[in-house]
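J.: Just dropping this structure here.
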Amino acid sequence: MASSKEYLQFILEQLSELEEITYRAMMGEFIIYYRGKIAGGIYNDRLLVKPVESAISYMPKVSYALPYKGAKDMLLIEEVDNKEFLKGLFNAMYDELPVPKPKKKKI
């Protein structure tokens, strides 16, 4: 099941207090970037983020979910209605997010 653009817009509005939030559509779902790093995504109309230690520590209740069959577990964010929580979560996890790999140049 693909995620809806309405849910994407809702999540982007909830993250609007953060600078440099971008997204990329990927096979019916959406990858969420924070300041150039992949922070998580929207899968089946659920916000999931990378399970880095700082995110796990920040969350009052930790729940894991698979974004799609065969993927690694990610953290399921249930408090999507709380802008302050989301802002704090993304800021807390930023330093631990992996730096994107440089793209290979086409020859």
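J.: All but one of (1) farther than 21 Å from F10 by Cα; (2) assigned to a helix (DSSP H, G or I) hold for K106; state the number of the condition that does not hold.
T.: Only one criterion is unmet by K106, namely (2).
J.: Suppose we filter the stretch 1-20 for residues that are open to solvent by 40 Å² or more (accessible area, probe 1.4 Å) and under 11 Å from the mean Cα position of the chain (by Cα); how many remain?
T.: Final tally of qualifying residues: 0.
J.: While we're looking at this one, here's another question. Of the residues A92, A39, only one is touching a Phe, Trp or Tyr at 6+ places or on another chain (Cβ under 7 Å), surrounded by 15 or more Cβ atoms within 10 Å (Cβ to Cβ) and not in a helix (DSSP H, G or I); which?
T.: Of A92, A39, the one residue that is touching a Phe, Trp or Tyr at 6+ places or on another chain (Cβ under 7 Å), surrounded by 15 or more Cβ atoms within 10 Å (Cβ to Cβ) and not in a helix (DSSP H, G or I) is A39.
J.: Assuming L12 fulfils every condition listed in (1) farther than 20 Å from V99 by Cα; (2) in a strand (DSSP E or B) apart from one, which condition is it?
T.: Going through (1) farther than 20 Å from V99 by Cα; (2) in a strand (DSSP E or B) one by one, L12 breaks only (2).
J.: Just checking, which of L75, L86, L47 is touching a residue at least 24 places away in the same chain (Cβ under 8 Å), crowded, with 19+ Cβ neighbours inside 10 Å, in contact with a helix residue (DSSP H, G or I) (Cβ under 9 Å, 6 or more places away or on another chain) and assigned to a helix (DSSP H, G or I)?
T.: Being touching a residue at least 24 places away in the same chain (Cβ under 8 Å), crowded, with 19+ Cβ neighbours inside 10 Å, in contact with a helix residue (DSSP H, G or I) (Cβ under 9 Å, 6 or more places away or on another chain) and assigned to a helix (DSSP H, G or I) holds for just one of L75, L86, L47, which is L86.
J.: If you don't mind, another one. Does V62 fit the bill of being open to solvent by less than 70 Å² (accessible area, probe 1.4 Å), more than 18 Å from S3 (Cβ to Cβ), aliphatic (A, V, I, L, M) and touching a helix residue (DSSP H, G or I) at 6+ places or on another chain (Cβ under 7 Å)?
T.: Yes; evaluated as a whole, the condition is true for this residue.
J.: Here's something else I'd like to know. Out of the residues in the stretch 50-64 that are touching an Asp or Glu at 6+ places or on another chain (Cβ under 7 Å) and outside any loop (DSSP other than H, G, I, E, B), state the one that is farthest from F10 (Cα to Cα).
T.: E53
J.: Of all residues in the stretch 21-35 being assigned to a loop (DSSP other than H, G, I, E, B) and at pLDDT below 95, which is surrounded by the fewest Cβ atoms within 10 Å (Cβ to Cβ)?
T.: Of everything passing the filter in the stretch 21-35, M27 is surrounded by the fewest Cβ atoms within 10 Å (Cβ to Cβ).
The values are calculated or read from the model by the stated rules, or taken from the named source; none is laboratory data. The structure displayed is predicted, hence computed values, not measured ones. Please note: Cβ atoms are built from the backbone with ideal geometry, for glycine as well, and neighbour counts cover all protein chains shown. Just so you know, the surface numbers come from the protein's heavy atoms only, side chains and all, with ligands and any DNA or RNA stripped out. Shrake-Rupley method; radii C 1.70, N 1.55, O 1.52, S 1.80 Å.
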